[in-house]
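Written out below as structure tokens is the structure these notes cover.
The values are calculated or read from the model by the stated rules, or taken from the named source; none is laboratory data. This one's a predicted model, so the numbers in the text were calculated from it and none came from an experiment. Glycine gets a Cβ as well: all are built from the backbone with ideal geometry, and neighbour counts include every protein chain shown.
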Amino acid sequence: MFEKLFMMPKLAKYAAGSKKWLDLFDFDVRNITTSSDTISCTISFPEKLTGNEGIIHGGITCFVIDSIAGIFAMISHNNSSQKALTKNISVSYLRPITPDIVYTITATKSSDSEIKVIITDTEGKEMSVGIVEIVFK
């Protein structure tokens, strides 16, 4: 999954905790790309994370958005001794996410303290959009 990212010096100390959560939920994360201003990957959600009528629970969607924003914040932040913490998160659930599709997640910096995370389907339609306010301590 995120093993490639967790080998980066800035993320190594967070690898064990993050990997534990990702493995628990059994996400299938692939095609990770990073740059100074973006991180993206593809993800599919297992059936066990569905709630009403086969739709992925909104809390899971929020967790994924928060996790990707945190990883991106740590990669793009200049001071590796500080931790990235979520101060505020807002998620717009635009369309239902289901376990039978591979989605693309893209995180970009909106400002020094804000990261925008978009989950799109295979046709490029926005499924969920999250704005995550980050503080460093």
Considering only segment 11-28, I want to know if a residue exists there that is in a strand (DSSP E or B) and at pLDDT below 80. yes
So, restricting to strands (runs of 3 or more DSSP E) that lie completely within segment 63-137, which ones have at least 1 residues that are without any contact (Cβ under 8 Å) to a residue 60 or more places away in the chain and of a type outside the set (Ser, Thr, Tyr)? 84-93, 114-120, 126-136
Can you tell me which residue in segment 23-41 is nearest to Ile101 (Cα to Cα), limited to those that are of a type in the set (Val, Ile, Thr) and surrounded by 15 or more Cβ atoms within 10 Å (Cβ to Cβ)? Val29
